[in-house]
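Structure, as structure tokens:
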Amino acid sequence: MQYLRDIFKKFGFTDDSKDKVYFLLVILPLLIYISAVLIFSINIPADDDYDAVLGFLNKFVTSNNLGEKVWLLFSQHNEHRIFFNRVVELLQYCIMGKANFYILSIIGNLGWIFSFFVFYRLYKKKYRHYKYLLPISIIFFSFLTHTLMSWSMASIQQYYQVLFLLLSYYFLVYKFSIKSAILYQFFLTLGVWTGGGGLIFYIPAVVYLFFKKRNKEAIFTAILFLLNSYFYFIFFRYHLASSIPSFSYVPMHLFDIVIYSLNFIGNVKIITRYEYIVGLIFLLCSIYIAFKKRCEFQILILLAVGLTAFAVAIDRIHLGIWQALSSRYTMYPIILLSSNYLSILSDRNPKAKKYFYIFSLVLSVLIFSIAMPNGVRNLIKYDSDLKSKCIYYFDKEEHAVNIYEESHRLGIYNLSCYKK
């Protein structure tokens with residue numbers, strides 16, 4: 001920071017010039033991230049892409065029944081209903097005439113970029129300059145989410161679910177009008193039909209509305225939650241995945257579930273194998289900030305991330321506590337840290353704000369310096385595996401071959417590297 005100040009003084013930079021420099025520094029991580037997405041995204045399906053994209057399109061295209069087509073849009077994929085994915089896939093297919101996983105990957109990553117701009121919007125409510133936005137930009141685009149950067153269906157599901165969470169809480173907290181009420185209800189509902197975790201986002205919203213004595217909205221939101229749950233589980237006939245543990249399994253492994261949840265929250269690659277300690281620190285600090293600053297948006301994000309961590313732990317604990325360290329989950333600690341940062345940044349003490357900014361900047365740069373090289377290595381390996389294996393579906397290669405051959409026959413997708 002002193003080095004930057006010396007440069008500014010040496011060249012006689014005005015405040016406006018300084019802000020332009022900070023703006024360039026803010027967009028640099030974004031540009032690096034976009035470049036990596038464009039380089040490493042590839043028009044080859046992997047893992048769940050076969051069922052969620054090609055398998056769905058095969059059934060949708062060959063169906064002549066409108067009711068069946070609607071049912072397919074809301075059909076279950078593993079433990080989720082990925083309606084939003086299916087709509088995006090259909091639009092891309094209808095516009096281009098073939099499924100294109102490169103385009104789908106880019107569309108998916110736009111969800112994460114839009115999520116950053118939600119925080120940008122929150123930031124610009126209080127600050128006109130770009131200086132204090134830098135730590136958020138660095139951690140957002142630090143390649144912590146590298147698994148999603150080139151995985152088509154997962155990037156759409158995961159990134160947009162977080163985007164809809166942020167948008168729903170943004171309109172819930174910061175806008176007071178009929179239009180904003182419609183928007184936050186819309187994004188809450190869309191979050192449900194992007195992934196099952198979206199149902200969780202209703203709980204903090206209902207609690208918040210009752211707490212703010214917006215009782216009519218709270219009751220209406222609770223009714224919508226129940227309606228979404230009814231259609232999700234009953235109307236569309238939800239089937240429990242065979243991998244989901246039984247109810248008796250949960251109390252017997254409560255300690256493991258807690259450790260899994262803390263791993264989930266602390267998954268920013270600072271201390272490898274001790275993420276649960278980082279998660280505990282993050283959680284305690286977040287709770288302290290919630291009580292100290294009373295920032296409503298931060299409190300909602302804290303509740304949503306905490307409940308999501310616990311729900312994912314129950315669903316995935318049988319795979320081991322270290323499964324929480326998958327990079328597909330790192331969006332949640334990122335948005336939690338970002339909301340914490342904005343809450344503390346509102347401190348009126350200039351000296352405290354200065355030291356906190358320096359600490360946050362150092363932490364974000366540390367995370368970036370660890371996560372980016374690791375992310376690039378994994379992206380290169382993933383790209384190499386896809387190109388060398390051609391058909392890539394862990395433990396389900398024969399199943400993937402059958403789906404692809406049907407897609408090829410229907411003219412939905414052609415895999416040039418495939419030889420029968």
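The values are calculated or read from the model by the stated rules, or taken from the named source; none is laboratory data. Nothing here was measured: the structure is a model prediction, and the numbers come from that model. FYI the Cβ positions are ideal-geometry reconstructions off the backbone, even for glycines, and counts take in every protein chain you see.
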For the range 259-276, name all the residues that are of a type outside the set (Gly, Ala, Ser) and either touching a residue at least 12 places away in the same chain (Cβ under 8 Å) or touching a Lys or Arg at 6+ places or on another chain (Cβ under 7 Å) (or both). 259, 260, 262, 263, 264, 265, 267, 268, 269, 270, 275, 276
Matching entry among 404, 392, 357, 341 (being at pLDDT below 90 and touching a helix residue (DSSP H, G or I) at 6+ places or on another chain (Cβ under 7 Å)): 392
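Sort through 308, 272 and tell me the only one that's surrounded by fewer than 17 Cβ atoms within 10 Å (Cβ to Cβ) and polar (S, T, N, Q). Steps first, answer last, please.
Values: 308 fails: surrounded by fewer than 17 Cβ atoms within 10 Å (Cβ to Cβ).
Going through 308, 272 in turn, just one is surrounded by fewer than 17 Cβ atoms within 10 Å (Cβ to Cβ) and polar (S, T, N, Q): 272.
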Being loosely packed, with under 14 Cβ neighbours inside 10 Å and of a type outside the set (Phe, Trp, Tyr) narrows 360, 388, 407 down to just 388
If you take the residues of the range 90-102 that are assigned to a helix (DSSP H, G or I) and touching a residue at least 40 places away in the same chain (Cβ under 8 Å), which of them is surrounded by the most Cβ atoms within 10 Å (Cβ to Cβ)? 101
Being buried (at least 16 other Cβ atoms within 10 Å of the Cβ) and touching a strand residue (DSSP E or B) at 6+ places or on another chain (Cβ under 9 Å) narrows 260, 232, 202 down to just 232
Of the residues 387, 381, 396, 353, only one is farther than 24 Å from residue 281 by Cβ, among the charged types (D, E, K, R), assigned by TED's automatic domain parsing to the domain that holds residue 118 and in contact with a Phe, Trp or Tyr (Cβ under 9 Å, 6 or more places away or on another chain); which? 396
